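The block underneath contains the structure these notes are about, expressed in structure tokens.
The values are calculated or read from the model by the stated rules, or taken from the named source; none is laboratory data. None of the values given here were measured: they were computed from a predicted structure. Cβ coordinates were reconstructed from backbone atoms using ideal geometry, including for glycine residues, and neighbour counts include every protein chain displayed.
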Amino acid sequence: MERLTVAPRPDWQTRVEAEGMLWHTAGGSPYWNEGVCYRFSESEVEQIHDATEACHRMAMAAVATLIADGQLADYGYDAAAISLIEQSWRNAERDIYGRIDFAWDGRGAPKMLEYNADTPTSLLEAAVIQWSWLTDVYGAGQTAQYNDLHAALVDRLRQWRSDHGSFLHVSCVFPHDEDTGTVAYIESAAREAGLEVKFVPISAIGHTPQDGGLFLDQDDQPIRLLFKLYPWDWLLADDYGPRLVDAVLKGRIRLFEPAWKMLLANKRLLVKMWQMNPDSPYLLETQRTERPLRAKMERGESSGYVRKPVLGREGQNIAIFRRGEVGASEQTSGNYGDNDVVYQDLASLFVAGSGHDRVHALIGSWVIGGEAKGMGVRESASAITDDRARFVPHYFSEN
């Protein structure tokens, strides 16, 4: 694993905008950063692939155990959410995609940090933008990239169409460049898979009590199947949450990602995964209380631990505690300060540079249809990867 400096394409802004990425720059700095790239060996890519599939299997086994043992209330879900989760799991509703974030510096085994399973973004960057960069800079067939994402996504949506029909609504907060860009890419892949697709802003979705209570788009067309880049916990907390629960349970509307993905996106699941697999080389010890990890750090058995909100996003409200330091050595503010939290062993990210040029790299490994299909790399000046982190392309070479 090596970080390289490379020359950006002279027209890179035009190139990425043509492919749907309008959020390539934020605050005057590039979010999409092709001035550097990461080179991996083939064996390193295989390690990431194997870690991803192993962690996905462990996550799914933990979900199955929680549902079978009736533990969902202990994981923060009320009766309505439990009904949704159990029904979607019982019906084996297909999911589409998710992203597992890993800390890895090229030594030892990659360590799973969390599973972005309900509303993962950076998909367009990983599937399309970095692939075009590779072919422009290195030429088709000259180098390889761990990136089978687009073909896998289209194939998954084709399978999904066979289960659910050929018309799909897609939705997110609008206007929002990143979310609408991600949804537009999902829409494009769905059309390639043979679906008819219509976009509806989340704020434009209406409801009528007639016909048992239907959800309607901006043209009063009933919404039967909806892909939403909008968290399940936000939907259920909205005023129309109870009506949505009733409509889903009675089959008047079906949402994707399915409701069981709520569990994968809940960081409490990391506790269950570690309890079930304490010897896994890919998992970090994760606890609901601080004391075990603080004691472990004070005994010199770890370098520190991290406090995370269970439903946090974009690196918000995270704190890092390191051995030998008083209080949190790094922490972020945000909108999830009222969340319950989990505590996780501190893992080493890849670090390059020093001083103001120091960067930390995080690997986001994508799962589509239960299989590892590609990855992206994001860099941050902080050890906490937040919404200011930059997406950086990668390639790999044969050993």
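Would you call W89 free of Cβ contacts under 8 Å to residues at least 40 places away in the same chain, over 24 Å from Q287 (Cβ atoms) and surrounded by 15 or more Cβ atoms within 10 Å (Cβ to Cβ)? No: the conditions fail for W89.
Out of all the residues in the stretch 64-81, which are assigned to a helix (DSSP H, G or I) and surrounded by 17 or more Cβ atoms within 10 Å (Cβ to Cβ)? Selection gives L66, I67, L72, Y75, A81. Candidates are the residues of the stretch 275-300 that are touching a helix residue (DSSP H, G or I) at 6+ places or on another chain (Cβ under 9 Å) and not polar (S, T, N, Q); the one that is nearest to N339 (Cα to Cα) is R288. Check G337, G324, G315 and return the single one that is without any contact (Cβ under 8 Å) to a residue 12 or more places away in the chain and out of contact with any strand residue (DSSP E or B) (no Cβ under 7 Å at 6 or more places or on another chain). Answer to the selection: G324. Does L226 meet the test of being part of a strand (DSSP E or B), in the same structural domain as G165 (by TED's automatic domain parsing) and within 23 Å of the chain's Cα centre (by Cα)? Spelling it out, L226 is indeed part of a strand (DSSP E or B), in the same structural domain as G165 (by TED's automatic domain parsing) and within 23 Å of the chain's Cα centre (by Cα). Taking the criterion of being among the hydroxyl-bearing types (S, T, Y) and at pLDDT 95 or above, the residues of the stretch 337-377 that qualify are Y343, S365. Annotation note: Cβ proximity below 7 Å between a residue of the stretch 21-36 that is of a type in the set (S, T, N, Q) and a residue that is outside any strand (DSSP E or B) (sequence gap 6+ or interchain) occurs for T25/Y31. Counting just the residues of the stretch 234-266 that are of a type in the set (D, E) and surrounded by fewer than 20 Cβ atoms within 10 Å (Cβ to Cβ), which one comes out nearest to Y75 (Cα to Cα)? The selected residue is D238. Taking residues in the stretch 297-309 that are modelled with pLDDT of 95 or more, and partners anywhere that are in a strand (DSSP E or B) and among the charged types (D, E, K, R), the pairs with Cβ atoms closer than 6 Å and at least 6 places apart or on different chains are S302/D345; G304/R322; Y305/D345.
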